[in-house]
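Quick notes on the structure that follows.
The values are calculated or read from the model by the stated rules, or taken from the named source; none is laboratory data. Please read all numbers here as calculations on a predicted model, not as lab measurements. Glycine gets a Cβ as well: all are built from the backbone with ideal geometry, and neighbour counts include every protein chain shown.
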Amino acid sequence: MKAMILAAGRGERLRPLTLETPKPLLPVGGRPMIQWHIEALVQAGVPDIVINTAWLGDRIEAHLGDGADLGARIEYSREGEPLETLGGIRRALPMLTETASEFLVINGDVWTDVDMTPLAARPLAKDTDAHLVLVPNPAHHSGGDFALASGRVTREHGERLTFAGISRLHRRLIDSAPAGEDRLGPVLATVCQQGRVSGIGHDGFWVDVGTPERLEAARTLAGSVTAP
C-alpha cells in the first residue's frame, strides 16, 4: 500500500512566509512540516509515498529527493497549476494503486501526532469506501464536518467533529466520483449518507496550519512532543 501527501497548495494565507518556501517545508519542531508525515508513515510500514506538487514544487523535490534519507521511497505527481484535493488524488491514482486498491491520504498542511500504524494496518470493510480520522473542532471550524457513532461516520446524528485531513481510501471512491467534481469533501459527504464511511477519533495534537497564528501554535505544541 502507498500513501499520498497533498502538498500542492499556494499557502496564500501564510504569505509572505510562503512566497519563497512552500507551506509543507515550513519548519515545525525543528523539521519541515511534511517530514513529520513522512517519518510517521515510514514508522507505520508505509514507505512508498506520492507527493503532489505545484507551487514551488521544485523546492519540495530538491529538499526531499527520493526520500532515501528518511527511509522512504518518494514519487512526485507534478500538477503545474494546483488542483483541488480530489483532482490531485485522481491524477495520482495510477501511482497510488499500482499494487493495492487502498491508500492513505494526508493533508500536507496539518501538524499532528496521529499514529498512522492502525490506519495502515487495518483494511477497509467490504461495505466501506473511506475511513476518516476526526478531531475535536478547532476554534476556526467550530461547526465541524461529521459525527462519529459506533465507528461509522454520519452527518445526521451525534456531536460534530472535524475531518483531520487524514484518511484511508478505496480506489472505487475516486472512480465513482462525478467527472466534474474536483473536491474530496462533497464526495465524502455523499458516501457518508450511503453509510459507506467509517472513522476514528483522535484527541491528541492536531493543527490545521493555515495562518501564521496556527503555525506558531503548532510550533509551540511541537516543543512538547517527539516525532512519531
For L56, only one of the following conditions fails: (1) over 23 Å from A222 (Cβ atoms); (2) modelled with pLDDT under 95; (3) of a type in the set (A, V, I, L, M, F, W, C). What is its number?
(1)
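Residues being of a type in the set (V, I, T) and surrounded by fewer than 16 Cβ atoms within 10 Å (Cβ to Cβ): count how many of those fall in the range 78-131.
2
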Take the range 87-103 and flag every residue that is among the hydrophobic types (A, V, I, L, M, F, W, C) and outside any loop (DSSP other than H, G, I, E, B).
I89, A92, L93, M95, L96, F103
Of the residues that make up the range 47-66, is at least one touching a strand residue (DSSP E or B) at 6+ places or on another chain (Cβ under 6 Å) and basic (K, R)?
no
Requiring at least 3 residues that are under 19 Å from the mean Cα position of the chain (by Cα) and farther than 15 Å from V105 by Cβ, the helices (runs of 4 or more DSSP H) wholly within the range 145-228 are 184-193, 212-222
Residue check, D129 touching a His at 6+ places or on another chain (Cβ under 9 Å), on the phi < 0 side of the Ramachandran plot and touching a residue at least 60 places away in the same chain (Cβ under 8 Å)
yes
Of the residues in the range 113-168, those that are among the basic types (K, R), at pLDDT 90 or above and touching a helix residue (DSSP H, G or I) at 6+ places or on another chain (Cβ under 8 Å) number 1
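Got a sec? Which of A139, A217, A149 is under 25 Å from P22 (Cβ atoms), without any contact (Cβ under 8 Å) to a residue 12 or more places away in the chain and of a type in the set (G, A, S)?
Going through A139, A217, A149 in turn, just one is under 25 Å from P22 (Cβ atoms), without any contact (Cβ under 8 Å) to a residue 12 or more places away in the chain and of a type in the set (G, A, S): A217.
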Only one of (1) touching a strand residue (DSSP E or B) at 6+ places or on another chain (Cβ under 7 Å); (2) within 23 Å of W55 (Cβ to Cβ); (3) among the aliphatic types (A, V, I, L, M) is not met by V114, so which one is it?
(2)
Residue list for the range 181-212, filter: charged (D, E, K, R), touching a helix residue (DSSP H, G or I) at 6+ places or on another chain (Cβ under 7 Å) and surrounded by 17 or more Cβ atoms within 10 Å (Cβ to Cβ):
D182, D208
Leading residue by the ranking (modelled with the lowest pLDDT) among those in the range 80-98 that are closer than 22 Å to P47 by Cα and among the charged types (D, E, K, R)
E98
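Here are some residues: R155, R172. Which one is in contact with a Cys (Cβ under 8 Å, 6 or more places away or on another chain) and surrounded by 12 or more Cβ atoms within 10 Å (Cβ to Cβ)?
After applying the criteria, what remains is R155.
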From (1) within 19 Å of the chain's Cα centre (by Cα); (2) in a loop (DSSP other than H, G, I, E, B); (3) closer than 30 Å to E81 by Cα, pick out the condition that doesn't hold for V133.
(2)
Report the residue count in the range 36-54 for those that are of a type outside the set (D, E, K, R) and surrounded by fewer than 21 Cβ atoms within 10 Å (Cβ to Cβ).
6
Restricting the search to the range 158-204, which residues are over 19 Å from A92 (Cβ atoms), basic (K, R) and touching a strand residue (DSSP E or B) at 6+ places or on another chain (Cβ under 6 Å)?
R160
